[in-house]
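Asker: Got a structure for you, questions after.
All of the numbers you see were taken from the coordinates with simple rules; none came from a lab. All values reported here derive from a predicted model rather than from experimental measurement.
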Amino acid sequence: MRSIDVIIGVPGIAPDAVYDRVREFARYPELAPVVRAVTVHDISDAEETSDWEVYFRNGILRWTECDRFDRQALTITFAQLDGDFEVFTGTWRITASGSEVRVGFRAEFDFGIPSLAGILDPIAERVMRETIARVVLGLFPQGWVVGDEALAVIVAEPPRPVAAAATQVV
């Protein structure tokens, strides 16, 4: 099982306003070129399902996840219900940190193909980290990557065209 963590600092916006923007998953395709589509199916204020399509290598990763919203705790938890991962779970956590708000994303994933884990997992990790950073920085252009200089340098550059972003091997 592989895990990823991304933290973005956002100045000058209240934590609840940051939370409201982060939970707008349907906007993500306009913010990151590798996100092909997100379709949200509302269940209640506290829960929804969402269908995701993300360009990956020479194809498209697809999954449906259950998203649970806890506005009081400013967290969003998700877990794949069906799709291309064997396991895909995670949490978005919005926290105040001094004069800024931190958007934290943590996910764990496993494709369930041990013989290809050494090839697929590092690529998936890179794509997810870059995509999450680009999405959050698209939502909050004044934000910055916290604690990961290499990621900050990558997302400071314009995104690669989808074909290159989806097929480049690290």
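Asker: For the stretch 10-49, build the convex hull from the C-alpha positions and give me its volume per residue in Å³.
Answerer: Residue-normalised Cα hull volume stands at 75 Å³.
Asker: Of the labelled options [x] 16.3; [y] 21.8; [z] 19.0, which one gives Kirkwood radius over Cα pairs in Å as computed for this structure?
Answerer: Checking each listed value against the structure points to [x].
Asker: Separate question: Quick one: what do you get for the stretch 69-133 if you divide its Cα Rg by 2.2 N^0.38 Å?
Answerer: 1.34
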